[in-house]
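Engineer: Supplied in structure tokens, the structure appears directly below.
A short reminder: the numbers here are calculations on the coordinates, not readings from a lab. It should be emphasised that the depicted structure is a prediction, and the values quoted were computed from it without experimental measurement. Virtual Cβ from ideal backbone geometry, glycine too; neighbours counted across all protein chains shown.
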Amino acid sequence: MIARDWFGVTPEGQRVQLFTLTNANGIEVKDTDYVGAVIGRYANRIADGAFTLLGRRYELARNMGTSHLHGGIRGFNKVAWRAEDDGTLRYESPAGEEGYPGALSARVRYTLTEDNSLECDFTATADAPTHVNFTQHSYFNLTGREDARGILDHVLSLNAKRFLPVNSRVIPTGELRDVKGTPFDFTIPTPIGLRIDADDEQVRLGSGYDHNWVVDRGVAGLVQAATLHDPVSGRTLEVLTTQPGIQFYSGNALRSRRPRSALALEPQHFPDTPNRPEFPSTLLSPGAEYHAQIVYRFRDGS
């Protein structure tokens, strides 16, 4: 069931709606059509806020030092989307917005299923070649409370044997490094706080975990990328995706909350792909459709 109500008004005078998705188990998901967690046009960082496409250099908004982060100053998480009754959000991004080429028609549809899964379905088309990389940037704390330990006792496993090391600007170096023997090995369930402050260069560069892992996949389509478990409440979150990577951000510098009181698990393409032709492509051409899926599945341990 989907219910809607008025949430407020944007600084530009646009009315904002609040949507509540409910299933038969009493699970609720609340979502607004403004200032949300949909990241676009490009999730994560693009080095030097620029890329070259078909021989032309495009200068993007630089909102993280010299880098472009999460779609720029006014990314898709800071615009009003057009909401529909079935849980679909639509946004028309004009050519040149935040520096990107081509007009982009974006759609996100949310579905709450009876097995307590929140399905996020992303599609987009463009009228000119451009780069697209959406993700869902929701924050999670399975304890349901904010205390000094935050998410440090949560137990995480990642279906990933490699991760992307970063430089001092948290931009991938291009290497896909084996996690074995490093603090980035979550191939078996491991408490997040066990190695988050380890004496390790990559941990220091990320001020904890703020890196992308390469999802292991033997088949196309949805695969399980991560499992997060809270041993106190017994709650478990499973993350499935069609995307090639997953960013794990341990909430090291949350602006409005205690650091590391929540975390994000963001399935996506690799950061800085527009400048890394060796990475899986994020190019979207006219006549093609971008499509990605993310599923967050919740279990209460009962």
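Engineer: With r as the distance between the Cβ atoms of A148 and E289 and R0 = 41 Å, compute the FRET efficiency 1/(1 + (r/R0)^6) and round to 0.05.
Structural biologist: On the way: r = 46 Å, r/R0 = 1.13.
Given R0 = 41 Å and the Cβ-Cβ separation, E is 0.35.
Engineer: Right, another one. Can you run the Rg to Rh ratio on the range 1-55? Use alpha carbon positions and the Kirkwood inverse-distance Rh.
Structural biologist: Working: Rg = 17.4 Å, Rh = 14.4 Å.
A ratio of 1.21.
Engineer: OK, next. Based on Cα coordinates alone, diagonalise the gyration tensor for the chain, multiply each eigenvalue by 5, take square roots, and list the semi-axes in whole Å, largest first.
Structural biologist: 28, 26, 18
Engineer: Please list the radius of gyration and Dmax for the range 191-302, considering alpha-carbon atoms only, with Å as the unit.
Structural biologist: Expressed in Å, the Cα Rg and Dmax of the range 191-302 come to 16.1, 50.
Engineer: Let me know the Kirkwood hydrodynamic radius for the range 1-110, please, with Cα pairs as the basis and the value in Å to one decimal.
Structural biologist: Over the range 1-110, the inverse of the mean reciprocal pair distance is 15.3 Å.
Engineer: On to the next question. Hey, what do the phi angles of the range 296-301 turn into as Karplus ³J(HN,Hα) couplings, whole Hz, using 6.51/-1.76/1.60 and θ = phi - 60°, x for Gly and Pro?
Structural biologist: With the stated coefficients, the range 296-301 comes to 10, 10, 10, 10, 9, x Hz.
Engineer: Net charge around P244, counting only other residues with Cβ within less than 15 Å of its Cβ (Lys, Arg = +1; Asp, Glu = -1)?
Structural biologist: So the environment of P244 carries a net charge of 0.
Engineer: Between M64 and D200, what is the spin-label point distance in nm, taking each point 7 Å from the Cα along the Cα→C-beta axis?
Structural biologist: 2.0 nm
Engineer: Something else: Over what distance in Å are the Cα centres of the range 231-284 and the range 115-155 separated?
Structural biologist: 7 Å
Engineer: Distance between Cα centroids, the range 178-224 to the range 83-107: provide it in whole Å.
Structural biologist: About 32 Å separates the Cα centre of the range 178-224 from the one of the range 83-107.
Engineer: Once label points are set 7 Å from the Cα along Cα→Cβ at both D5 and N167, what is their separation, rounded to one decimal in nm?
Structural biologist: For the pair D5/N167, the computed spacing is 4.9 nm.
Engineer: Now, a different point. Mind listing the phi-derived Karplus ³J(HN,Hα) values for the range 209-214, rounded to whole Hz, using 6.51, -1.76 and 1.60 with θ = phi - 60°, and x for any glycine or proline?
Structural biologist: Result, ordered by residue: 9, 7, 9, 9, 10, 8 Hz.
Engineer: So how much slack lies between K180 and A24, counting 0.36 nm per residue of separation and subtracting their Cα-Cα distance, in nm?
Structural biologist: Computed gain between K180 and A24 is 51.9 nm.
Engineer: Given the options R56, R149, R217, state which has the largest fluctuation in a GNM of the chain using a 10 Å cut-off (strictly under) for Cα springs.
Structural biologist: R56
Engineer: Another question about this same structure. Compute the label zone of A128 within the range 268-302: residues whose backbone N is under 17 Å from the point 7 Å along Cα-to-Cβ.
Structural biologist: Under cut-off, by backbone N: 283-288.
Engineer: Tell me, in nm to one decimal, what length is gained between E114 and T52 on full extension, where the rule is 0.36 nm per residue of separation less the Cα-Cα distance?
Structural biologist: Computed gain between E114 and T52 is 17.8 nm.
Engineer: OK, next. For the range 180-191, in order, what is each residue's ³J(HN,Hα) by Karplus, 6.51 cos²θ - 1.76 cosθ + 1.60 with θ = phi - 60°, in whole Hz (x at glycine and Pro)?
Structural biologist: 4, x, 10, x, 9, 8, 10, 5, 10, x, 9, x
Engineer: When you take every Cα atom in the range 120-179, what is the radius of gyration, and what is Dmax, the widest Cα pair distance, in Å?
Structural biologist: Computed over the Cα atoms of the range 120-179, radius of gyration and Dmax are 17.2, 49 Å.
Engineer: May I have the extent of the alpha carbons of the range 248-287 along their three principal axes, as whole Å values ordered from largest to smallest?
Structural biologist: 43, 23, 15
Engineer: Once amide H atoms are placed 1.01 Å from N in the peptide plane, what residues at a sequence separation of 5 or more from Y209, or on another chain, have their amide H within under 5 Å of its amide H?
Structural biologist: It is S250, by chain and number.
Engineer: Moving on to the next point. Taking the chain as a Gaussian network, where each spring joins two C-alpha atoms under 10 Å apart, which residue of A264, A128, A106 fluctuates the most?
Structural biologist: Per the Cα network of the chain with a 10 Å cutoff, A128 tops the list.
Engineer: In straight Cα distance, which lysines are under 27 Å from K30, not counting same-chain residues fewer than 8 positions off?
Structural biologist: K78
Engineer: Tally Lys and Arg at +1 and Asp and Glu at -1 over the other residues with C-beta under 13 Å from the C-beta of N116: what net charge comes out?
Structural biologist: -3
Engineer: Next question, about the same structure. Which value in deg cm²/dmol, rounded to the nearest 500, describes the helix-derived mean residue ellipticity at 222 nm for the chain, given -39,500 (n - 2.57) per DSSP H run of n ≥ 4 and division by the residue count?
Structural biologist: Estimated from H runs of four or more residues: -500 deg cm²/dmol.
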